[in-house]
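A short write-up of the structure that comes next.
The values are calculated or read from the model by the stated rules, or taken from the named source; none is laboratory data. What you see is a predicted model, and the numbers here were worked out from it, not measured in a lab. Every residue, glycine as well, gets a Cβ built from its backbone with ideal geometry; the counts of neighbours run over all protein chains shown.
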Amino acid sequence: MGQVLPPNTLHTTLNYYLTPDKGGDKIFYPGTAGNYRRKHEPHDVNIFDLRESSEKVEVDKQGFQLVQHSALDNDLTDPDFVKTKVYDDTAELLKKATGASRVHVFSHIIRKQTWASAVEAGKHLPDKQTQSSMSSAMFIHVDQSYEGAAEVFRDNLPAEDAARLSKSRWAIINVWRPIQQTIRREQLAFCDARTVPEEDLYPVRAQLPAKGSGTYEDVSKGGTFETWHLLANPSHKWFYCSELKPDESLLIKCYDSKKDGRARLTPHTAFSSDRDSGPPRQSVEVRSLVFWEDQSLE
């Protein structure tokens, strides 16, 4: 008999990194038509529902965490509302969830379009042409490598703050939230950090669009940084959160300066499955530099 899986386990395909010797890219251009045409290495995986996990799932253990949060009743079409109310709410949530003393929110992305519709919209555009809307990211990645995190740190903090805050523990944590509706399509998968050896992480540079493009240009003030993509390994253990509700949020750790055995990152990706239903998912991902000024750097 085969393995009996929990009822909400999904069997689907995830896009791992295709190495350059097989035709993969060392640089990618978020927000462009060419980015949707990049080649990946698909692998079939089981994705377990973290709601059914037998152990507590925490951002410092597995690299991701489900938390309760106030629902977003606003449709987030007002950028001033996002950069005040949503940013402030996110900072307070991260302080409460992690015990951090300071949070600096540096960017956000709102996604309301499916991957397939973005592919269709850009199929006749040149590779470097920026597209007007943002879709889910259907390839496994960590937003910043260790070096990329340092680049984002330097580029998005005033020099005086950077000099002081670089002496204590810091991290980059994304908060991912539904907008007004339960997520039932193109959900997020997270790889348990404990199952990811560092040799599976491959550096790939992100080159953001030029200012004025209106899409991914504000992800980081520096305009470019190094990310990690993930090489396939059958030891990876994947999770998702079924039926993520508007009053719930997901913490996604991209970097942590601590080297004491805690999770320092979690590879993640959007994915499709045969259980997808309903309208395109609407979500906002808020990215933050998080500081524990009473803790040592490493």
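Structure values in brief
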| item | result |
| --- | --- |
| Yes/no for PRO197 being closer than 24 Å to GLY24 by Cα, surrounded by fewer than 17 Cβ atoms within 10 Å (Cβ to Cβ) and not β-branched (Val, Ile, Thr) | yes |
| Residues located in the range 271-298, provided they are within 19 Å of SER107 (Cβ to Cβ) and in a strand (DSSP E or B) | SER283, VAL284, GLU285, VAL286, ARG287, SER288, LEU289, VAL290, PHE291 |
| Single residue of LYS258, LYS211, LYS221 found to be closer than 19 Å to TYR87 by Cβ and of a type in the set (Lys, Arg) | LYS221 |
| Check on THR13, exposed (fewer than 13 other Cβ atoms within 10 Å of the Cβ), outside any loop (DSSP other than H, G, I, E, B) and β-branched (Val, Ile, Thr) | no |
| Condition check for ASP75: farther than 26 Å from GLN144 by Cα and of a type in the set (D, E, K, R) | yes |
| Whichever residue in the range 206-230 is in a loop (DSSP other than H, G, I, E, B) and crowded, with 18+ Cβ neighbours inside 10 Å and, among such residues, is nearest to the chain's Cα centre (by Cα) | VAL219 |
| Criterion violated by ALA71 - all others in (1) in a loop (DSSP other than H, G, I, E, B); (2) over 16 Å from VAL175 (Cβ atoms); (3) modelled with pLDDT under 95 satisfied | (2) |
| Tally, over the range 232-270, of residues that are of a type in the set (A, V, I, L, M, F, W, C), within 13 Å of the chain's Cα centre (by Cα) and assigned to a strand (DSSP E or B) | 5 |
| For GLN65: the one exception among (1) exposed (fewer than 14 other Cβ atoms within 10 Å of the Cβ); (2) over 30 Å from GLY122 (Cβ atoms) | (1) |
| Some residue of the range 104-127 being surrounded by fewer than 18 Cβ atoms within 10 Å (Cβ to Cβ), of a type in the set (Ser, Thr, Tyr), in contact with a helix residue (DSSP H, G or I) (Cβ under 8 Å, 6 or more places away or on another chain) and closer than 25 Å to PRO79 by Cβ | no |
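Conditions (1) at pLDDT below 95; (2) of a type outside the set (Asp, Glu); (3) on the phi > 0 side of the Ramachandran plot; (4) not in a loop (DSSP other than H, G, I, E, B), marked per residue:
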residue	(1), (2), (3), (4)
PHE48	no, yes, no, yes
GLU92	no, no, no, yes
ALA97	no, yes, no, yes
ALA116	yes, yes, no, yes
